[in-house]
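Shown next, in structure tokens, is the structure this report addresses.
The values are calculated or read from the model by the stated rules, or taken from the named source; none is laboratory data. Just so we're clear, the structure is a prediction, and the values are computed from it rather than from any experiment. Here Cβ is always computed from backbone atoms with ideal geometry, including for glycine, and neighbour counts include all displayed protein chains.
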Amino acid sequence: NSCPAVKNILILDSEGKRVAVKYYSDEWPTNSAKLAFEKSLFGRTLKSNARTEAEITICDSNIVIYKFVQDLHFFITGGDDENELLLATVLQGLFDAIALRLRNTIDKREALENLDVIFLCIDEVVDQGMILETDANAIAGKVAIQNMDASATLSEQ
Amino acid sequence: ADYSPFLGIEKGAVLQEARVFNDPQLDPRRCSQVITKLLYLLNQGETFTKVEATEVFFAVTKLFQSKDIGLRRMVYVMIKELSPSADEVIIVTSSLMKDMTSKTDMYRANAIRVLCRITDGTLLTQIERYLKQAIVDKNPVVASAALVSGIHLLQTNPEIVKRWSNEVQEAVQSRAALVQFHALALLHQIRQNDRLAVNKLVSSLTKGSVRSPLAQCLLIRYTSQVIRESANNNQAGDRPFYDFLEGCLRHKAEMVIFEAARAITELNGVTSRELTPAITVLQLFLSSSKPVLRFAAVRTLNKVAMTHPMAVTNCNIDMESLISDQNRSIATLAITTLLKTGNESSVDRLMKQITNFMSDIADEFKIVVVDAIRSLCLKFPLKHRSLMNFLSNILREEGGFEYKKAIVDSIVILIRDIPEAKESGLLHLCEFIEDCEFTYLSTQILHFLGIEGPKTSDPSKYIRYIYNRVHLENATVRAGAVSTLAKFGAMVDTLKPRVFVLLRRCLFDNDDEVRDRATLYLNTLGGDGAVVETGEDVKEFLFGSLYIPLEPSDDAFDINSVPKEVKTQPLAEKKAPGKKPTGLGAPPAGPPSTVDAYEKLLSSIPEFANFGKLFKFSAPVELTEAETEYAVNVVKHIFDGHVVFQYNCTNTIPEQLLENVTVIVDASEAEEFAEVASKPLRSLPYDSPGQIFVAFEKPEGVPAVGKFSNMLRFIVKEVDPSTGEAEDDGVEDEYQLEELEVVAADYMLKVGVSNFRNAWETMDADYERVDEYGLGPRESLAEAVNAVINLLGMQPCEGTEVVPNNSRSHTCLLSGVYIGNVKVLVRLQFGLDGPKDVAMK
């Protein structure tokens, strides 16, 4: 299958604890397997500076692209032969969409206060491992319909 | 302080809160908050019991009564998260179906996603109509939702999704970027087994307009697939669609450029000409400020360097600056690439850079670098001194077991493959075990020393290192050291007196095993400390591997259960090409597959014991066709004055047992050969391969050739497959095998040289011969080259066995060693004379 696939999206805090995570692969069947992966990944990436540019590493034979902002650590995981730049674009889309929705204050407190927005953004980026959207404006737009009423329609993207 | 709105959150309390979902007057904000809390709990690893999940689910379904969009979105997410069972799903089906046909685009899109997530086959057929409409909906979010759902549903309900082909096809033409992407992905999956259809799809899109980088990446992948499947390697002109891939290297999106570059590097049999534009682009990425780009580029170049190191050398300067990259994965990849592409003169400089780098990286990266250094040393054996020193130095630094084992394995491989490195390598290993914390490594090294040490010019210098282990280590290592000492004593007669003195001291060791071993060796090595030879059978007894290892069992051991006849081991298949070279851990008494091993096997047969050194053995040649009753292949062993044919036989009939199996060889067409001995096979049961040997004498030093016809002769007894018992009486029978030939190439050893030109120039011009041949019409230039290489039986050098497509001429360099230890170099120039005739000089 040559379709690009995302294995997980993780948002962890500065101690490696979960803020919001979503897994799309059976590779980590139990919660403890997931936690072990998160711990391992967090440990490997802790010392790097992924604030200006997104960074990249290999963890358990998977490619992981990651980006840090304030006290939040964003990760996206793909298979070992995935196009790294493609994955990075997805992560960037999610990241920028969240920035748009949270009015550029992206830290743990804001994230937790607006966890519903975070969950919705993640939901609008990847559907069961399949990339749904990478454009931050489009993602943010799909999430921002709280203020519209029921008869509103989305304008053409 | 660690602020969190979820501080102190507790599942029970939240489940209680969820009762508000049942309120007649729903408060959307409040309900959204509760859903968020529930999602948070699930996200943190909290689990709901079946009862709890069901209750929450039912409560959530009540929320369809609210018209609040924000709340509805949360409901959709919640339903997906709860994964309701089939009977629960029914409750929401009608609400979701209503949403699926709602005017609100957001509802349509998401209801589709939820429905398709929780649906089964029957429900799916009910909503199929709407899904097909959704695929061509003018709202791209709706279309994408349906298409993506289709992609998932293809796994579980392919027959249904395939019915949507027309709509999907239409969606591929969509002007909305991501709709095209999703439609393309789905269409390809539907059609992927139809090669023609995929071909058509690719053809039309590579000419048409692709509206998003994502879709372009997909197209590149499908194009690669089409290229792969259009078999023709001998086609004139360029590869189909290569131009398209090359054009993508100029796309404005970096992910597309990279996808295309990578695809080009992965083309089957890619040529340097095809690679060049891709590598140019990757080289630019190496100096990007974005780590993701640098990483992607260096990883791809690293793979290319494995098969086309010359193509990557232009990037060496950029690679060298990546050694200090902050991202350690990038740095390691850069180093291992340089190790593959570097030439002999850059090795020293490279090693200096790597030394500083090694202390900075984790063990798993270090192991990768060690493997690359080993390959480098095998490529440039003259550099063994500095590379071995490097390995020895890092061996003595801090590191875990796997890392140290990797280094030791590499040193062992270098010792085995580079004769000049043996002595220094063994010494490095000796120095290592003086201070090694891993018992496993110490014992393995001691064992290895026992094999290689006695063969060196001055084995005595290793004795001190070995004996020190007996003083200073734990019992396991001490026992290993005792065995090694004994081995030295057995193999090197002059060392016996010294070894005996040392072994006697071991009789007072604390440990049983150590004392027992010392006692055994002292009593069996013979000579009682004098300089006498140890018998071959004693050596075999002490140090040979057991044919059948002793298994632990509850029954007392009965000596009579041990078979008294010397049974030769069944030979395994030839080692798979490309298998990683094994270090210390390699099982020693495996099937013979080296000259040493075969020599040992043959000299253990008394009739062949005095044939001298084995010059060469051939690859097995099949003497029977596939699927016959008896499968026989033959290995030809070439000695100075003899040849031995080893017939490997397998009986594939469960109902038969063959006995007294011999091969009757007719050598009337091989006048220079005379049969001198044969060793038949006593018994050949079903599926248990055995060997028959027939030896011929031939004039010494003469590369005699001839044809031999072979007939298998045996007594066949019927076997009852259910009991495995054979009848007492048998019937004599014969089975004709194919002919075998001894040819000139059998007298040629394939031995490569790393620098052909140097080797050629150092040879005396008096020994050069030139000749020209017309080979007549051949299938292709490549076929002619291959045929000559096989005929001569020599080793192609510097990759010259590969003939580029569409060449009209080719030079092939071969080297080998002819019987009598004569070094031979051949330079073949091929040319196409007319359409098919090949001329060769």
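One table, with the values for the structure above:
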item: Out of B:L828, B:L832, sole residue that is within 12 Å of B:L781 (Cβ to Cβ) and modelled with pLDDT of 80 or more; result: B:L828
item: Hits in region B:354-399 (condition: in contact with a Phe, Trp or Tyr (Cβ under 6 Å, 6 or more places away or on another chain) and among the charged types (D, E, K, R)); result: B:D363, B:K366
item: Selection status of B:A744, aliphatic (A, V, I, L, M), surrounded by 12 or more Cβ atoms within 10 Å (Cβ to Cβ) and within 38 Å of the chain's Cα centre (by Cα); result: yes
item: Considering residues of region B:316-348 that are closer than 18 Å to A:I56 by Cα and not in a helix (DSSP H, G or I) only, the residue farthest from the other protein chains (Cβ to nearest Cβ); result: B:I323
item: Leading residue by the ranking (surrounded by the most Cβ atoms within 10 Å (Cβ to Cβ)) among those in region B:807-823 that are over 31 Å from the mean Cα position of the chain (by Cα) and touching a residue at least 40 places away in the same chain (Cβ under 8 Å); result: B:I819
item: Residue within region A:51-59 that is within 12 Å of the chain's Cα centre (by Cα) and at pLDDT 95 or above present; result: no
item: Region B:127-154: number of residues that are in a helix (DSSP H, G or I) and within 10 Å of chain A (Cβ to nearest Cβ); result: 10
item: Condition check for B:G776: exposed (fewer than 12 other Cβ atoms within 10 Å of the Cβ), touching a strand residue (DSSP E or B) at 6+ places or on another chain (Cβ under 8 Å) and not β-branched (V, I, T); result: yes
item: Residue match in region B:783-797 (condition: surrounded by fewer than 12 Cβ atoms within 10 Å (Cβ to Cβ), under 22 Å from B:G269 (Cβ atoms) and without any contact (Cβ under 8 Å) to a residue 60 or more places away in the chain); result: yes
item: Subset of region B:170-208 [over 20 Å from B:Q225 (Cα atoms) and either buried (at least 18 other Cβ atoms within 10 Å of the Cβ) or more than 11 Å from chain A (Cβ to nearest Cβ) (or both)]; result: B:E170, B:A171, B:Q173, B:S174, B:A176, B:A177, B:L178, B:V179
item: Elements of type helices (runs of 4 or more DSSP H) contained in region B:2-69, each with 1 or more residues being more than 14 Å from every other protein chain (Cβ to nearest Cβ) and surrounded by 14 or more Cβ atoms within 10 Å (Cβ to Cβ); result: B:11-17, B:50-61
item: Pairs with Cβ under 7 Å, 6+ apart, first in region B:272-299 and away from every other protein chain (no Cβ under 11 Å), second outside any helix (DSSP H, G or I) and not basic (K, R); result: B:S272/B:H308; B:E274/B:L267; B:L275/B:H308; B:P277/B:L249; B:A278/B:L249; B:V281/B:L249
item: Close pairs from region B:376-404: first assigned by the TED database to the domain that holds B:E364, partner assigned to a loop (DSSP other than H, G, I, E, B) and β-branched (V, I, T), Cβ under 7 Å, at least 6 apart; result: B:P381/B:I418; B:H384/B:I418
item: Selection from region B:82-98 of residues that are of a type in the set (D, E) and in contact with a helix residue (DSSP H, G or I) (Cβ under 6 Å, 6 or more places away or on another chain); result: B:E88
item: Flag for A:G129 being touching a Phe, Trp or Tyr at 6+ places or on another chain (Cβ under 6 Å), surrounded by fewer than 20 Cβ atoms within 10 Å (Cβ to Cβ) and closer than 30 Å to B:I118 by Cα; result: yes
item: 1 or more residues more than 10 Å from chain B (Cβ to nearest Cβ) and among the aromatic types (F, W, Y): qualifying strands (runs of 3 or more DSSP E) within region A:1-111; result: A:18-23, A:62-69, A:72-78
item: Of residues in region B:355-366 being surrounded by fewer than 20 Cβ atoms within 10 Å (Cβ to Cβ) and in a helix (DSSP H, G or I), the one nearest to the other protein chains (Cβ to nearest Cβ); result: B:E364
item: Selected residue (only one of B:S209, B:S204 is assigned to a helix (DSSP H, G or I), over 31 Å from the mean Cα position of the chain (by Cα), at negative phi and of a type in the set (S, T, N, Q)); result: B:S204
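Table: residues versus (1) within 25 Å of B:I135 (Cα to Cα); (2) modelled with pLDDT under 90; (3) in a helix (DSSP H, G or I).
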{"position": "B:V75", "(1), (2), (3)": "yes, no, yes"}
{"position": "B:M78", "(1), (2), (3)": "yes, no, yes"}
{"position": "B:E88", "(1), (2), (3)": "no, yes, yes"}
{"position": "B:I91", "(1), (2), (3)": "no, yes, yes"}
{"position": "B:K98", "(1), (2), (3)": "yes, no, yes"}
{"position": "B:M106", "(1), (2), (3)": "yes, yes, yes"}
{"position": "B:N110", "(1), (2), (3)": "yes, no, yes"}
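Each row is one residue, and each column tells you yes or no for (1) within 27 Å of the chain's Cα centre (by Cα); (2) basic (K, R).
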{"residue": "B:V298", "(1), (2)": "yes, no"}
{"residue": "B:K303", "(1), (2)": "yes, yes"}
{"residue": "B:N316", "(1), (2)": "yes, no"}
{"residue": "B:T337", "(1), (2)": "yes, no"}
{"residue": "B:K340", "(1), (2)": "yes, yes"}
{"residue": "B:Q353", "(1), (2)": "no, no"}
{"residue": "B:I361", "(1), (2)": "yes, no"}
{"residue": "B:S386", "(1), (2)": "no, no"}
